[in-house]
Each structure stands twice: as C-alpha cells, then as structure tokens.
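What follows is a set of notes on a single structure, which appears directly below.
All of the numbers you see were taken from the coordinates with simple rules; none came from a lab. For clarity, every value in this text was computed on a predicted model and none was experimentally measured. Heads up, the Cβs are rebuilt from the backbone with ideal geometry, glycines too, and the neighbour counts pull from every protein chain shown.
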Amino acid sequence: MAEVNHRLVASPVLRQLSVRSVMERLLLDGATSRASLSRATGLSKQTISEVMLVLTERGWVKESGMISGGVGRTAVRYEIDATAGFALGLDLGASTLRGVLADISGTVVAQHELAADGQGGQLPAQAKRLKQILLDAAKAPAERLQVATVATPGVMSPQGRLDLAPNLPGIGELDLAGQLRSALDCQVMFENDVNAAALGEYWEAGENADNHFAFVSIGTGVGLGILVDGQLLRGSSLAAGEIGYLPLGGDPFAPESLEQGALETSIGATGIVQRHQRLGGTAQTVRAIFDALEAGDRIAEETINETARIAALLVLTVTSVIDPDRVVFGGNIGGRPELVRRIGEWMPRVQKRPIRVEASRLGPRATVLGAAAMSLGQMHNSLFSTLEVPGRLGLPTLRQ
C-alpha cells in the first residue's frame with residue numbers, strides 16, 4: 001500500500017480514517033509496534049505517532065511493554081485497553097432474558113440470564129437489573145458502557161412501541177423504546193430477535209460465513225432472518241421475515257391466523273402440542289413430545305414428522321424467493337436435531353436442487369450473541385469511524 005503523507009492528516013476526515021485504520025489493525029492483530037502499524041496500514045511513521053498519541057490520551061490504547069528489534073534496538077508495544085469501553089447485548093424473550101457484556105476488544109466478560117416474569121410491562125425493569133448484574137460481574141464502570149442492542153420479538157415501531165409480538169402480553173401500548181433507553185442509560189439500538197440470531201450465526205462462522213443465508217426460528221413463535229450479501233434484509237417497515245403469517249399449515253382466513261398467522265399456529269409451540277393432542281397424545285409441552293419421540297412413541301413420531309413436513313414447505317418457499325447458500329434452524333424447537341434431520345429428509349420430495357439445512361451452532365445463545373456483536377460493531381464505528389466516510393471497521397469477533 002502506498003504511504004500516506006502525514007501532512008494530509010490535518011484534514012479531520014483523513015485524521016479519522018487514520019485512526020480507523022490503526023484501530024482496525026490493533027483489534028484484528030493484537031499488540032504491536034508503531035513500525036508494524038506503519039507497514040500494515042501504509043501510513044507514515046509520523047502519522048502513526050500522531051494517531052497513537054491521540055488514542056493513548058483518550059484512553060483507548062495503552063503501552064504493553066517492549067519489543068526487541070535488531071541488535072540493541074527495542075520498540076514500544078501498544079495494545080487496545082480492553083476495559084476502556086463495553087458493549088451490551090440483551091435478548092428479551094417471552095420466557096427468558098439473556099445478557100452478554102463484551103469489552104472493546106471483543107472478549108465476552110460476563111453473561112447471565114433471568115426468567116421473564118411473564119408481563120411485558122416489566123421488561124425495562126428487568127433489563128436494568130440484568131445490565132447491572134453483568135456490569136458487576138465484570139467489575140465494569142457503568143459510565144464505560146457505550147452501546148446496548150436490545151433484541152425483542154416483533155418489530156419496534158417509530159413511535160417506540162413493540163408490534164407483532166403477541167407472545168408478550170401488555171406490551172403493545174407502552175413506549176418500550178423510551179423506557180429501555182432510560183433503564184439502560186447508554187446508546188440503545190433495537191433489533192428483531194430472529195435477525196439478531198441470524199447475525200449471531202453469521203459472526204460465529206467468521207471467515208467461513210455464507211453471505212447469503214436464512215435463519216429460521218421455531219419456538220413459542222416462528223420467524224425468519226435473511227442475510228443478503230452479508231447484510232440483513234429488513235424490509236420497508238422493518239417487518240421482513242414475519243413468516244408466521246405465511247399461508248402454510250393452516251387456514252390463513254381463520255380468526256386465529258389473523259392474530260398470529262397460519263404458519264405460527266401450525267408449527268409454533270402451541271400448534272405442535274395441539275397437533276399431538278388431536279392425534280390422541282396427552283403431552284402438554286413440546287419438550288414432553290420430544291421425550292416421547294426418543295422413547296419411540298408412535299404419536300410423537302407422527303407429530304414431529306408432520307411438523308417437519310410443514311417446515312420443509314417453509315424452506316421451499318424461502319429458497320425459491322431468496323436463493324440462500326443454506327438454511328439454519330434455531331429456537332428451542334427449530335434447533336432440535338431430531339426435527340432438522342426430518343426436515344432434510346422431506347426436502348428432496350419438494351425440491352430437486354440440494355438445499356443445506358442445518359441446526360444452529362449457537363443454540364439458544366444465538367440471539368444474545370448477535371445483539372452483543374451488533375453493539376460491538378456500533379461501538380467501534382461510533383468511536384473510531386467517521387460520518388463523512390461511510391464504512392465500518394473489520395468484522396468484530398466475539399471471543400468467548
């Protein structure tokens with residue numbers, strides 16, 4: 001790379017670009033010297049010295065010893081001060097609240113989960129409690145929390161209300177966004193929980209990530225996260241992926257389908273239990289149905305096989321529209337290997353082209369890790385990028 005003339009760094013934009021280049025190398029490569037940074041970035045040694053002065057004065061970078069060079073030569077080694085800033089990811093689900101705190105280097109320093117109290121109106125208070133538990137566990141000062149990403153079912157409206165989240169009672173009329181911002185007391189972003197899970201799977205794959213893939217979540221509800229060219233597809237009203245309303249598995253004109261969607265009433269948790277009972281079973285939970293399946297129960301086998309058949313039609317629908325490299329199933333039901341295997345067995349009967357159907361690598365932690373990774377990326381960009389020059393730092397990787 002051609003060396004950049006240090007005199008040009010007087011420009012605010014070029015100065016910020018220089019800071020961004022240096023921070024990217026430090027984040028990706030770890031501790032190093034100014035000479036190594038100069039070679040890696042193409043910036044002049046004087047520019048590197050100016051950038052390191054700025055970063056150390058602001059507390060983002062610190063000296064970490066000396067590096068031996070040639071005969072009699074040593075150089076100062078610099079590294080990110082990991083405790084200088086923290087990023088928070090929260091997964092506010094219908095039954096469980098999960099939280100992950102990462103430091104500025106991308107290391108997960110604390111994680112915790114709480115049982116939801118069942119009333120959506122208590123989410124802000126519980127989110128505040130979960131944040132404090134994580135900060136205390138990491139011994140992180142509250143003022144160093146830079147960004148939080150809150151993943152929720154449904155879609156956060158421009159008015160701050162949560163729409164399309166029927167499994168969170170009492171939530172629709174609240175200014176949930178405003179209350180969460182007040183409770184968390186930092187920059188707060190919002191994301192659909194399935195989109196966050198898709199990003200979690202994407203970040204987990206690292207350099208091996210597919211740029212086109214779909215993440216299907218089946219649990220209490222049903223949802224879809226879509227990545228195209230490595231970017232989330234959200235739609236004009238942020239409702240892309242609300243596949244619970246697809247006319248599959250049930251009557252889309254039935255009153256209950258208007259409220260929750262035909263597909264969700266068919267392969268969501270309640271629909272699976274109802275199917276099992278219609279077939280003559282007595283199980284009250286999906287977990288009990290899978291336990292019966294493992295024991296060789298015929299009704300459980302028929303229940304899960306029919307669920308897989310409908311899910312295969314869902315895969316057919318998704319792949320016909322967006323042509324992903326693979327389809328990943330997650331959620332406390334969708335990620336079950338017994339179900340994913342059966343979906344894969346149905347696929348050749350509905351589509352000739354081979355489709356990779358896989359279970360989630362991260363399991364129930366996909367959403368919260370995706371939310372934490374989003375916060376980490378936003379923290380890096382807001383601190384070390386520039387509004388004048390679009391772009392982002394290198395893909396942040398959470399180290400667990």
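Per-structure values
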quantity	calculated
Ranked Val286, Val350, criterion: other C-beta atoms within 10 Å, fewest first	Val350, Val286
Directionally averaged projected area (convex hull, Cα atoms, the chain), nm²	23.3
Extension reserve of the Ser182-Ala125 stretch, reckoned as 0.36 nm per residue once the Cα distance is removed	19.5 nm
Rough spin-label spacing in nm, given labels placed 7 Å along Cα→Cβ, for Ala137 and Asn305	4.3
Exposed-site-free run, longest, the chain (rule: GluC sites (Glu not before Pro); DSSP loop; at most 12 other C-beta within 10 Å)	174-387
The chain - share of DSSP beta bridges that are antiparallel (%, nearest 5)	60
Calculated FRET efficiency for the pair Glu294/Glu63, C-beta based, R₀ 51 Å, to 0.05	0.35
Helical contribution to [θ] at 222 nm, DSSP H n ≥ 4, -39,500 (n - 2.57), averaged over the chain, rounded to 500	-13000 deg cm²/dmol
18 Å Cα-Cα reach of Lys131 towards lysines, excluding residues that sit fewer than 8 places from it in its own chain	Lys139
Candidates per trypsin sites (Lys or Arg not before Pro) in region 14-115, loop by DSSP, up to 13 other Cβ within 10 Å	Arg58, Arg73
Within straight-line cross-link reach of Lys62, aspartates and glutamates at Cα separation under 12 Å, skipping those fewer than 8 residues along the same chain	Glu79, Asp81
Extension reserve of the Asn211-Arg144 stretch, reckoned as 0.36 nm per residue once the Cα distance is removed	20.8 nm
FRET E, pair Arg287, Glu256, Förster distance 25 Å, beta-carbon r, rounded to 0.05	0.60
Net dipole in debye of the chain [+1 Lys, Arg Cβ; -1 Asp, Glu Cβ; about Cα centre; nearest 20]	1120
Sites Glu358 and Asp229, calculated FRET efficiency, Cβ-Cβ separation with R0 22 Å, nearest 0.05	0.60
